[in-house]
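Each remark here refers to the structure printed beneath this line.
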Amino acid sequence: MHANEQRIHDFYTAFASKDAEAMAAMYAEDARFSDPVFPELGADEVRAMWRMLISRGTDLELSFDGVSATDELGHAHWDATYTFRATGRLVRNSIDASFRFRDGHIVEHRDDFSLWRWTRMALGSKGTLLGWTPLVQRKVRRMAARQLEKFMAVSP
């Protein structure tokens with residue numbers, strides 16, 4: 001197994017074990033992260049995001065597969081099941097991840113999933129009817145950004 005493939009396995013094993021500190025340590029100091037909810041995070045923000053999501057995801061269940069990696073690039077598929085706290089609704093999100101590595105650390109991490117599919121599960125009928133609209137998707141992003149800012153303000 002390539003060392004970066006092992007790194008991806010270790011990352012998702014730490015995630016499944018709710019070990020945000022182990023996940024955070026895998027990112028380079030200049031790392032970047034993006035997904036449909038958090039479109040552009042720097043290293044400190046992505047570390048805080050994982051800490052926040054793990055601390056709030058008390059019923060989080062995670063599985064992963066399809067891991068592959070080279071000296072520079074890596075890919076994986078992962079599935080997360082959890083209760084969205086704002087609505088109490090169950091979410092089963094299916095995510096494709098891509099990574100870029102430098103010196104054994106993650107320097108770029110991109111998670112891709114359908115935000116409309118997520119809004120349908122997390123928000124119910126409102127997400128089904130309007131989750132595809134830029135207005136609702138911007139609102140989801142703004143709400144997530146505010147939550148991350150608040151979390152970072154009170155967390156080390």
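The values are calculated or read from the model by the stated rules, or taken from the named source; none is laboratory data. These numbers come from a predicted model, not from an experiment. Note that we place each Cβ from the backbone using ideal geometry, even for glycine, and neighbour counts take in every protein chain shown.
Listed by position, the helices (runs of 4 or more DSSP H) enclosed by the range 1-114 that each have at least 3 residues that are farther than 27 Å from residue 132 by Cα and more than 16 Å from the chain's Cα centre (by Cα) are 3-16. State yes or no: is residue 11 at negative phi, in contact (Cβ under 8 Å) with a residue 12 or more places away in the chain and surrounded by 19 or more Cβ atoms within 10 Å (Cβ to Cβ)? Yes; evaluated as a whole, the condition is true for this residue. Here's a check for you: in the range 88-123, which residue that is touching a helix residue (DSSP H, G or I) at 6+ places or on another chain (Cβ under 6 Å) and among the β-branched types (Val, Ile, Thr) is farthest from residue 35 (Cα to Cα)? Residue satisfying both the conditions and the ranking: 91.
Of the residues making up the range 130-137, not a single one is aromatic (Phe, Trp, Tyr) and within 14 Å of the chain's Cα centre (by Cα). The condition (being in contact with an Asp or Glu (Cβ under 7 Å, 6 or more places away or on another chain), at pLDDT 95 or above, more than 24 Å from residue 155 (Cα to Cα) and not small (Gly, Ala, Ser)) is satisfied by just one residue among 100, 32: 100.
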